[in-house]
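The values are calculated or read from the model by the stated rules, or taken from the named source; none is laboratory data. Because the structure is a prediction, the values reported are computed rather than measured. In this analysis, Cβ positions are derived from the backbone assuming ideal geometry, glycine residues included, and neighbour counts consider all displayed protein chains. Heavy atoms of the whole protein, side chains included, go into the accessibility calculation; ligands, DNA and RNA do not. Shrake-Rupley method; radii C 1.70, N 1.55, O 1.52, S 1.80 Å.
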Amino acid sequence: MYKKRLLYLIITCTIIRIIIANCIEFGNDEVYYYTYALHLQQNYFDHPPGVAILIKLFTCNLFFQQQVFIRLGAIVSAAIATWLTYKIGTLVRNQRTGWFAAILYNTSIYTSIIAGTFILPDSPQVVFWLASIWAMLKIVIAFRENGKPAYAQWVTAGVLIGLCIMCKVHGAFLWIGFGLYSLLYQRKIFLQPGFYIAIIITAIIISPIFFWNLQNNFITWRYHSERVEVHRLILNGGGFLQALIGQVFYNNPLNVFILTASLLYLRKHKILSDDVTRLLVLCGLPLILFVTGVSLFRDVLPHWSGPGFLALSFIAAAFLEEKIETRTKSFFRAMLKSSIIFIAVLAVGGMLLIDFYPGTMGNTTTTKYGDGDFTLDMYGWRQFGEQFNAWRQKAETGKEIAPGLPVVCYEWFPAAHIDYYIARPGGYHVIGVGKIDDLHHYAWLNYYRGALNVGDDALCIIPSNYYHDVSAVYGPYFQSVTPLHTFAGTRGGKTTRYFNIFLLKGYKGNDELRGYKVM
């Protein structure tokens, strides 16, 4: 019965995700990760190559470059992950627990939409995170039953955790969780040769990350350590509150309530075997506490802790199974139904808001028109691309600008949006000019594509919702800056923002990116 329900759930959610993926334009991160797939590397400035390989695979080596195909890897990953949640829930308790785990997965904003519809490093990571938990649970259960897990189980765990880390370094928390479990509750595991074999296998799989960073002055480590390193013990109250609320919202407030209730219930009741409960807690809680702790002093992104909540969701699923098992009317049954309604309303409402809200919800002063409107990250780029390329062709014909001028940008966003929605259809590329900490992977894209030569002219595009003084930004790198044209983006017949076009003349070749040697 539950297997049939699971199939219907996967099919329904997949159809919904395909609709969303086709109707909403890429967000900043997604379109940036598309640039990863243009040239496969052992590692990238921000992340390992998992998401790039996923995009390559589901676009047939970028043969299909429409939004839905670039996001297809995330959608398929969500379907596989739904099946894995069911398998894990069944393993730790029964099929009904697996069914509830699958529902919790598909009602979480993080797993269902952020990682399950949008294409991010989290998309493949979630699959390998779940598969790794399944493998570790098999080891723990085997150790309980016969005291000696098979070598194949250790090898499987080592491979899956390694692949998880190759998607996103957060996967290292799986070994932290398993190590803590072994140290605190089952030290005999340290006497198992398979344990060390698994660690060695993981190390071999993730070695490309190390060797790439070794060649590139450990730039990934320096970048990410800067994001989480605490330099001064000054409380970041606003950032902490934002991270706390964000984590609750991303994982669905109703699901978080159920999860919290399940953890409190554990204090006096046993709903899973002790070894399973301990492993799940230690695979989930350290990541959540780490992200929340860092937020006390530094700004963080709430979705970083998403896999931690996912590990704990199996405890919540077992709790629901126990509370709802024989009751047709139950508070927690109502909570679960409300959670489904919440994610459905959010998905439909979000899509309508992004595509049809008239004008902008942001700033309406001319210079920064649209600033603060998050929906503009996912709307209006295709519309502007058609306007810009039509104007460019006309301007070149009328000799207003020289033919074939490159477009330059000083930050990875909006560079990636301009790359995908404007430059790609126009048959040219975006070139990064400025600092590597602002442009990230564009240092490598410049290497592949070819950077500007000294004396070259170029065009630049400044959206008003990402306004910067063009003279201050590009003046140090070019001899002169001249305004050319302004386009107005619209939604529902009202202005959303402005796109300002400038001619940059006489590239000086003195920016950091030009002198940066990539490997």
Expected output is a single nm value to one decimal: the length gained when fully extending between Leu235 and Ala488, i.e. 0.36 nm times separation in residues minus the C-alpha distance. What is it? 86.9 nm
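Rounded to two decimals, what is the ratio between the C-alpha radius of gyration of the chain and 2.2 N^0.38 Å?
Working: Rg = 24.7 Å, N = 519, 2.2 N^0.38 = 23.7 Å.
Relative to the 2.2 N^0.38 Å estimate, the chain comes out at 1.04.
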With just the Cα atoms of the range 341-426, tell me how far they stretch along each of the three principal axes, in Å, largest first. 55, 28, 24
If one computes the Cα centroid of the range 28-66 and of the range 108-131, what distance in Å separates the two points? 15
Given a 1.4 Å probe, how much area per residue of the range 115-225 is accessible, in Å²? 41
Hydrodynamic calc, the range 100-157: Kirkwood Rh from Cα pairs, then Stokes-Einstein at 25 °C with viscosity 0.890 mPa s, so D in µm² s⁻¹ is 191
Please report, to one decimal in angstroms, the Kirkwood hydrodynamic radius of the range 232-317 built from all distinct Cα-Cα pairs. 13.4
Return the calculated 222 nm mean residue ellipticity for the chain, to the nearest 500 deg cm²/dmol, obtained by summing -39500 (n - 2.57) across DSSP H runs with n ≥ 4 and dividing by the residue count. -19000 deg cm²/dmol
The relative contact order of the range 14-156, taking Cα pairs under 8 Å that sit 6 or more residues apart, comes to a percentage of 24
Give me the percent of Cα-Cα pairs in the range 252-401 that sit more than 25 Å apart, rounded to a whole number. 56
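How high is the relative contact order of the chain? Use alpha-carbon pairs under 8 Å, at least six apart in sequence, and give a whole percent.
Details: 844 pairs, mean separation 74.0, N = 519.
Once normalised by length, the contact order is 14 percent.
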Could you give the distance between the Cα centres of the range 487-519 and the range 326-396, to the whole Å? 24
Label point distance in nm, Lys337-Lys394, each placed 7 Å from Cα along Cα→Cβ: 5.7
Can you work out the accessible area per residue across the range 273-417, with the rest of the protein chains kept in place, probe 1.4 Å, in square angstrom? 44
Rule-of-thumb check for the range 34-90: C-alpha Rg over 2.2 N^0.38 Å? 1.29
Longest principal axis of the chain (C-alpha) makes with the long axis of helix 219-228 (C-alpha) an angle, in degrees to the nearest 10, of 70
Would you mind calculating the gained length between Phe249 and Arg187 on full extension (0.36 nm times residue separation, minus the Cα-Cα distance), in nm to one decimal? 18.6 nm
On the protein heavy atoms, probe 1.4 angstrom, tell me the percent of accessible surface of the chain carried by carbon and sulfur. 62
The equivalent-ellipsoid semi-axes of the range 408-504, taken as the square roots of five times the Cα gyration tensor eigenvalues and listed largest first in whole Å, are 22, 16, 12
